[in-house]
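Working notes for the structure below.
Bear in mind that the values in this text are calculations on the coordinates, not laboratory data. Not measured: the values here are computed from a predicted model. No Cβ is skipped: glycine too gets one built from the backbone with ideal geometry, and neighbour counts run over all protein chains shown.
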């Protein structure tokens, strides 16, 4: 499975109002059920960091791209813009450094 940093922005008043009405714990329970239904799991708590650009953060392990796409589309339908970034451990970087790709830069 692949590990992702998920970042969410409340893109609608109804999504933010839902958080205010239910509280963070109830939204966490709903998120855990959603992730589980897709075969994904949370590797971190949900962190709220209200600011200019991002409202919440979570690290997820997701089994496949279709599950990830489903999660992002469902979020958008519910007023939560989700951005995901694939995370790599240092051993992946070490393996990448050992590769010898061939490439000619433009104009070289």
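Brief remarks on what is shown
- Virtual paramagnetic centre 7 Å along Cα→Cβ of residue 25, amide N under 16 Å, in the range 42-71: 46
- Angle in degrees between helix 13-22 and the longest Cα principal axis of the chain, rounded to the nearest 10: 70 degrees
- The chain: angle of helix 65-77 to the longest principal axis, Cα-based, in degrees nearest 10: 40 degrees
- Theoretical gain in end-to-end length, residue 108 to residue 66 [0.36 nm per residue, Cα-Cα removed]: 11.2 nm
- When peptides 97-105, 16-24 are sorted by average Cβ neighbour count within 10 Å, with the highest value leading, the order is 16-24, 97-105.
- Degrees between helix 24-37 axis and first principal axis of the chain (Cα, 0 to 90, nearest 10): 50 degrees
- Sorted by Cβ neighbour density within 10 Å, fewest at the top, the residues 13, 81, 64: 13, 64, 81
- Our summary gives the range 2-98 a relative contact order of 44 percent, counting only alpha carbon pairs under 8 angstrom and 6 or more residues apart.
- From the coordinates shown, semi-axes √(5λ) of the Cα gyration tensor in Å corresponds to which of (1) 27, 13, 11; (2) 28, 20, 11; (3) 33, 17, 13: (3)
- For residue 95 and residue 44, a Förster radius of 25 Å and the Cβ-Cβ distance give a FRET efficiency of 0.55, rounded to the nearest 0.05.
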